[in-house]
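Student: Below is a structure I'd like to ask you about.
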Amino acid sequence: MSENTVDPLVFGHRVRHYRRARGLTLEELGARVDKPAPYLSLVENGKREPRLGVINAIAEALDVAAVELLSPEPPSRRAELEIGIERAQEHALYRELGLPHLKPSAKLPDAALEHILALFNEVKGRAAPTVATREEARIANSVLRAEMKERGNYFAEIEKLAREAVAAVDYAGHAALTEGDIQSLAGHMGFTVVRAQDLPSSVRSVTDLRHRRLYVPQRDAMSTRGARSVVLQTLGHFALGHEDPVSFAEFLRQRVEANYFAGAALVPEVAAVPFLREAMDERDLSIGDLRDTFYVSYEMAAHRFTNLATEHLGLRVHFVRSDELGIIWKAYENNDVPFPKNSVGAIEGQRLCREWGTRQAFHSEDKFSIHHQYTDTREGTFWCATHVDEHRMEAITVGVRFEDAQHFRGRDTDRRSVSRCPDGDCCRRPAETMTSRWSGWAWPSVRPNSHVLAAMPVETIPGVDLAEVYEFLDRNAPPGAS
């Protein structure tokens with residue numbers, strides 16, 4: 001039996017249990033094992049860890065097997081409670097309470113010990129990390145969005161990192177990065193990009209840090225345009241020195257920063273700014289042109305425009321991505337467009353007024369063409385351009401105030417609407433005549449949405465199955481690699 005298997009606190013309680021069962025005092029047991037009573041008192045209180053020879057001597061004196069004394073189980077419920085109280089008082093949370101040490105003497109009934117332990121476990125449980133709810137996630141998003149608004153959504157430090165990265169691969173300084181440029185950029189950062197057929201469904205990419213391989217889906221699962229973005233977003237995490245996130249707020253910030261890096265690398269500031277200034281001079285700004293010139297998605301082009309519009313063009317803008325029901329998934333503004341908000345100021349998860357161009361685009365004659373529209377609101381008139389993604393059935397909108405619409409293609413649209421949300425008889429309140437006609441005579445069956453009551457996942461990286469990821473890396477490690 002090895003000495004390091006002894007749990008001093010449990011062992012001490014088992015010695016006390018058998019000593020009392022044999023009707024021995026500490027002095028009497030001490031005489032049998034040739035140890036003073038104070039020493040044995042320390043042993044029984046878990047303050048002293050005896051050597052193997054002493055353990056065997058105590059076992060012989062108490063007429064019990066040594067293995068029985070060394071059992072990891074408390075000898076009784078009372079002993080279990082006393083051990084729990086002692087260990088609770090060693091916890092940092094308990095010490096922070098500043099309470100004097102409580103000795104669980106015989107005078108304290110079992111019920112009192114039960115109550116103390118239950119209360120402490122509740123305190124400890126509330127202090128532990130909890131599953132992030134959707135509301136908590138929205139609050140974290142609101143804090144980050146406020147910072148983005150204050151900065152005009154322009155992050156100079158990330159622009160600098162992206163500028164240095166593309167310069168290292170001899171980017172030509174205009175138009176889109178070539179596939180060779182992107183492979184070179186990955187190589188410059190020490191990675192090889194590999195297309196994989198069996199990438200876990202919960203991830204966009206997986207990076208093997210041991211073998212420096214960056215796996216993305218095959219072309220039948222992800223387009224070349226999409227893969228370019230994913231590669232740069234993943235490289236962005238390493239360029240920015242991100243560590244494993246410890247909270248949802250940190251996870252969210254890292255995603256925003258990595259996406260920014262990807263946009264700044266795929267639509268380099270050095271090339272995009274002259275391109276946009278020329279278009280602005282010609283009153284022909286278009287997100288679609290930015291997308292096509294730099295070979296990125298419409299959403300990334302829209303994001304990138306918000307990065308550069310205020311800093312370099314002096315334009316205040318808004319951006320929103322929403323679904324066909326008008327539910328907002330992403331949003332940004334620094335032009336005071338009246339996005340709907342909940343009680344904590346969160347925009348994500350709220351529903352847009354059906355009069356806005358973002359929702360009207362789904363009902364236009366050709367919803368897959370760019371939908372231009374003016375909308376009068378309580379905060380003024382706004383112009384917007386909306387693109388509906390035919391694969392995801394989501395709308396991407398970029399807009400400006402009326403006075404700035406003059407710089408954009410589509411400013412001459414005759415589409416116009418009035419939004420009074422959240423006040424007045426707008427999209428959320430039926431007209432009084434309709435209410436009087438149908439009140440009590442309509443029974444809508446709501447389409448279920450599985451995400452409505454779902455909490456955010458408990459893991460640091462939401463939705464990722466690490467076991468699946470690690471199995472994937474094992475299957476795809478280079479031949480002969482350890």
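Student: Would you tally the residues in the stretch 291-305 being touching a strand residue (DSSP E or B) at 6+ places or on another chain (Cβ under 6 Å) and surrounded by fewer than 23 Cβ atoms within 10 Å (Cβ to Cβ)?
Tutor: The qualifying residues number 2.
Student: Among the residues of the stretch 232-255 satisfying the criterion of being of a type outside the set (Asp, Glu) and farther than 21 Å from Val216 by Cβ, which is modelled with the lowest pLDDT?
Tutor: Ranking the candidates gives Val246 first.
Student: Further, regarding this structure: Step by step: first the residues of the stretch 230-247, then only those that are in a helix (DSSP H, G or I) and hydrophobic (A, V, I, L, M, F, W, C), then the one that is surrounded by the fewest Cβ atoms within 10 Å (Cβ to Cβ). Which residue is that?
Tutor: Among them, the one singled out is Phe238.
Student: Read through the list (1) more than 30 Å from Ala92 (Cβ to Cβ); (2) surrounded by 18 or more Cβ atoms within 10 Å (Cβ to Cβ); (3) at pLDDT below 85, then give the number of the only condition that Ala140 fails.
Tutor: Evaluating Ala140 over (1) more than 30 Å from Ala92 (Cβ to Cβ); (2) surrounded by 18 or more Cβ atoms within 10 Å (Cβ to Cβ); (3) at pLDDT below 85 leaves (1) as the failure.
Student: Another question, then. For the stretch 381-402, which positions are free of Cβ contacts under 8 Å to residues at least 24 places away in the same chain and either closer than 19 Å to Ala331 by Cβ or surrounded by 14 or more Cβ atoms within 10 Å (Cβ to Cβ) (or both)? Walk me through it before giving the result.
Tutor: Initial filter on the stretch 381-402 (free of Cβ contacts under 8 Å to residues at least 24 places away in the same chain): 381, 390-392.
Scanning the stretch 381-402 gives Thr381, Arg392.
Student: Assuming Phe275 fulfils every condition listed in (1) at pLDDT 95 or above; (2) under 28 Å from Asp323 (Cα atoms) apart from one, which condition is it?
Tutor: All conditions are met except number (2).
Student: Would you confirm whether or not the stretch 274-286 contains a residue that is more than 23 Å from Ala175 (Cα to Cα) and of a type in the set (Lys, Arg)?
Tutor: No, the stretch 274-286 has no match at all.
Student: When you go through (1) modelled with pLDDT under 95; (2) closer than 19 Å to Cys427 by Cα one by one for Trp329, which number turns out not to apply?
Tutor: (2)
Student: If you go through the stretch 393-400 one residue at a time, do you hit one that is more than 30 Å from Glu136 (Cβ to Cβ) and either at pLDDT 70 or above or of a type outside the set (Lys, Arg) (or both)? Give the steps one after another, and end with the answer.
Tutor: Step one: of the stretch 393-400, the residues more than 30 Å from Glu136 (Cβ to Cβ) are 400.
If we keep only those that are either at pLDDT 70 or above or of a type outside the set (Lys, Arg) (or both) as well, we get 400.
Checked against the condition, which is being more than 30 Å from Glu136 (Cβ to Cβ) and either at pLDDT 70 or above or of a type outside the set (Lys, Arg) (or both), the stretch 393-400 yields at least one hit.
Student: Of all the residues that make up the stretch 195-212, how many are of a type outside the set (Asp, Glu), farther than 15 Å from Gly226 by Cβ and touching a strand residue (DSSP E or B) at 6+ places or on another chain (Cβ under 9 Å)?
Tutor: Residues that pass the stated criteria total 6.
Student: Report every pair of residues separated by at least 6 positions or lying on different chains whose Cβ atoms are under 6 Å apart, first residue within the stretch 332-352 and of a type in the set (Asp, Glu), second outside any loop (DSSP other than H, G, I, E, B) and surrounded by 18 or more Cβ atoms within 10 Å (Cβ to Cβ).
Tutor: Once the first residue is of a type in the set (Asp, Glu) and sits in the stretch 332-352, its partners that are outside any loop (DSSP other than H, G, I, E, B) and surrounded by 18 or more Cβ atoms within 10 Å (Cβ to Cβ) give Glu333/His318; Glu348/Arg138; Glu348/Asn141; Glu348/Ile328.
Student: Check off (1) of a type outside the set (Gly, Ala, Ser); (2) surrounded by fewer than 18 Cβ atoms within 10 Å (Cβ to Cβ); (3) closer than 18 Å to Val398 by Cβ for Lys341 and give me the number that stays unchecked.
Tutor: Lys341 satisfies every listed condition except (3).
Student: To continue, here is another question. If only one of Ala65, Ala92, Ala146 is over 25 Å from the mean Cα position of the chain (by Cα) and at pLDDT 90 or above, which one is it?
Tutor: One residue alone meets the criteria, Ala65.
Student: Hey, does the stretch 138-146 have a residue that's in contact (Cβ under 8 Å) with a residue 40 or more places away in the chain and among the charged types (D, E, K, R)?
Tutor: Yes, some residue in the stretch 138-146 is in contact (Cβ under 8 Å) with a residue 40 or more places away in the chain and among the charged types (D, E, K, R).
Student: Is it the case, given these coordinates, that Phe294 is of a type in the set (Phe, Trp, Tyr) and within 25 Å of the chain's Cα centre (by Cα)?
Tutor: Numbers: of a type in the set (Phe, Trp, Tyr): yes; within 25 Å of the chain's Cα centre (by Cα): no.
Judged against the criteria, Phe294 is not a match.
Student: Another question, then. State which residue is nearest to Leu42 (Cα to Cα) when the search covers only the stretch 73-117 and only residues that are touching a Pro at 6+ places or on another chain (Cβ under 7 Å) and β-branched (Val, Ile, Thr).
Tutor: Ile83
Student: Which of the residues spanning the stretch 149-207 are within 25 Å of the chain's Cα centre (by Cα) and of a type in the set (Ser, Thr, Tyr)?
Tutor: Tyr154, Ser201, Ser202, Ser205, Thr207, listed by residue number.
Student: Moving on to the next point. For residues in the stretch 321-338 being among the acidic types (Asp, Glu) and on the phi < 0 side of the Ramachandran plot, which is surrounded by the most Cβ atoms within 10 Å (Cβ to Cβ)?
Tutor: In this case the residue turns out to be Glu333.
Student: Given the criteria surrounded by 14 or more Cβ atoms within 10 Å (Cβ to Cβ), part of a helix (DSSP H, G or I) and in contact with a strand residue (DSSP E or B) (Cβ under 6 Å, 6 or more places away or on another chain), does Ala227 qualify? Walk me through it before giving the result.
Tutor: On the way: surrounded by 14 or more Cβ atoms within 10 Å (Cβ to Cβ): yes; part of a helix (DSSP H, G or I): yes; in contact with a strand residue (DSSP E or B) (Cβ under 6 Å, 6 or more places away or on another chain): yes.
So Ala227 fits the description; yes.
Student: Starting from the stretch 175-193, take each residue that is of a type in the set (Phe, Trp, Tyr) and list its partners that are in a loop (DSSP other than H, G, I, E, B), counting only C-beta distances under 7 angstrom and pairs at least six apart or across chains.
Tutor: That search, which allows pairs on different chains as well, returns Phe191/Arg212.
The values are calculated or read from the model by the stated rules, or taken from the named source; none is laboratory data. A quick note: this is a predicted structure, and the numbers were derived from the prediction, not measured. We place every Cβ from the backbone using ideal geometry, glycine too, and count neighbours over all the protein chains shown.
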